[in-house]
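Quick note: the coordinates plus some simple rules give every number you see, no bench work behind them. Given the structure is predicted, the values throughout are model-derived calculations rather than measurements. As a convention, Cβ positions derive from the backbone with ideal geometry for all residues, glycine included, and neighbour counts pool all protein chains shown.
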Amino acid sequence: MLTIPGPSRRFCDGLSRRNFLRIGALGMGGMALPDLLRAESGSGLRSGHKAVIMIYLPGGPPHQDTFDLKPDAPAEIRGEFKAIPTSLTGFQICEHLPRLAKCAQHYAVIRSISDAVDDHSDFMCQTGRRKGNQPPGGWPNLGSCVSRVLGPSDPAVPAFVGLEPRMQHRPYNAATAGFAGVSHDAFRPAADAKSDMVLNGITTERLADRRALLASFDRFRREVDSSGLMTGLDGFNQQAFGMLTSSRLLEALNVEKESAALRERYGKGDAKVHGDAAPMLNEQFLVARRLVEAGARFVTVAYGFWDYHGNNFGNARNDLPLLDQALSALIEDLHDRGLDRDVSVVTWGEFGRSPTINKDGGRDHWPRANCAVLAGGGMKVGQVIGATDRLGGEPSERPVQFGEVFATLYKNLGIDVNQVTIPDLTGRPQFLVPDGCQPMKELVG
């Protein structure tokens with residue numbers, strides 16, 4: 001990777017400015033940042049562009065202890081937490097989510113996601129599909145599809161930004177650009193710094209002198225590449241240089257531009273890596289909001305480690321207040337800034353947890369029922385969709401598929417899932433969501 005040396009100013013998560021200036025491997029390996037970009041530009045959020053923020057909760061949080069409590073179930077089912085009222089009549093959530101309880105009118109909860117699989121992976125949360133029977137190239141994640149279909153709204157900001165770290169359990173980073181193409185994979189401003197190659201003395205002015213060399217390498221690589229994935233890199237190179245000479249992306253990543261009061265509202269969270277997944281960096285929620293405001297169309301955040309096979313309630317007592325602060329701040333901040341019509345937020349994990357508490361005081365994997373929280377996007381919020389049975393084990397009303405949520409998010413972005421396709425690596429057109437999945441009428445009419 002190429003790093004353009006700059007001031008070592010530290011940002012909210014301990015990364016320096018240099019971490020954000022990497023543009024790929026100049027020379028024999030090619031440029032990675034241009035592979036993340038498309039050349040087309042459009043209007044920014046300031047003039048109405050739509051965006052999505054996805055909060056992925058690795059490991060699968062316990063739905064019975066968050067948004068689908070069962071206070072009348074036996075003790076071995078209901079657990080230790082009390083249900084508290086929210087701003088919506090008749091809707092109760094966990095006592096450790098008091099801030100979300102106060103702003104329940106600004107989000108919707110789905111209690112009946114029914115088609116998860118027993119797999120610790122971000123694949124279904126990011127693609128809306130199962131891993132089996134994939135077309136050539138593999139199913140792309142939502143952000144890559146959005147980048148491919150819509151392109152960037154601002155030439156200086158990637159369409160798709162991934163704030164999640166490379167996690168120890170690699171399947172938590174399983175979703176890729178697939179057949180959408182490597183040029184539409186996420187721009188990751190906090191990637192592994194050990195892979196950097198620092199070129200001392202290279203300035204942004206001198207980068208222009210290397211365009212001819214880069215073009216030569218690109219032409220050579222396209223000639224020897226039979227997959228077709230290298231097509232179009234000249235345009236991506238142009239935008240990569242544009243990003244390097246613009247401050248818009250760096251400004252968006254710098255939460256110090258926000259007031260101290262707002263940063264305090266989001267909180268710091270916990271910088272410690274939890275389990276084999278991610279830290280709970282609350283300021284990444286604020287960075288996500290700043291990125292979509294700057295022009296990003298899709299931003300992902302991975303938050304915490306929710307695989308509570310043991311000590312479910314002790315872990316949740318620590319983790320839920322952090323999530324409560326970060327998510328409520330994001331939802332309210334978008335609403336206060338008038339962005340709730342244009343920016344959709346989805347928060348979920350890969351599956352739910354078992355109704356019965358195990359011998360270690362934990363809950364085990366349970367793909368048959370799962371929750372999601374959705375906000376913004378002009379959706380019909382302030383409601384609960386679906387229900388599970390008295391034990392929280394099976395959907396009893398309105399089973400929902402991951403693909404239906406994806407179809408809803410695409411509609412919020414202005415993409416018609418019945419019309420838009422992306423060709424796989426054989427050239428066969430593939431629809432964006434599984435067959436039969438349509439936008440949820442409960443949310444978008």
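Descriptive notes on the structure:
- Cross-link check: pairs Lys268/Lys441; Lys272/Lys411; Lys82/Lys359; Lys102/Lys257 evaluated at a Cα-Cα cut-off of 25 Å; pairs beyond the cut-off: Lys268/Lys441; Lys272/Lys411; Lys102/Lys257.
- Gyration tensor (alpha-carbon) shape descriptor, region 61-157, a/c threshold 1.5: oblate
- Here the peptides 85-98, 374-387 are ranked by packing, the mean other Cβ count within 10 Å, and the order with the highest first is 374-387, 85-98.
- Separation in nanometres of the label points that stand 7 Å from Cα toward Cβ, at Gln383 and Lys131: 3.5 nm
- Ordering of 59-71, 254-266 by burial proxy (mean other Cβ atoms within 10 Å per residue, highest first): 59-71, 254-266
- Region 77-135 and region 343-380 have Cα centres separated by 4 Å.
- Here the calculated FRET efficiency for Arg337 and Asn358, from their Cβ-Cβ distance with R0 = 41 Å, stands at 0.40, rounded to the nearest 0.05.
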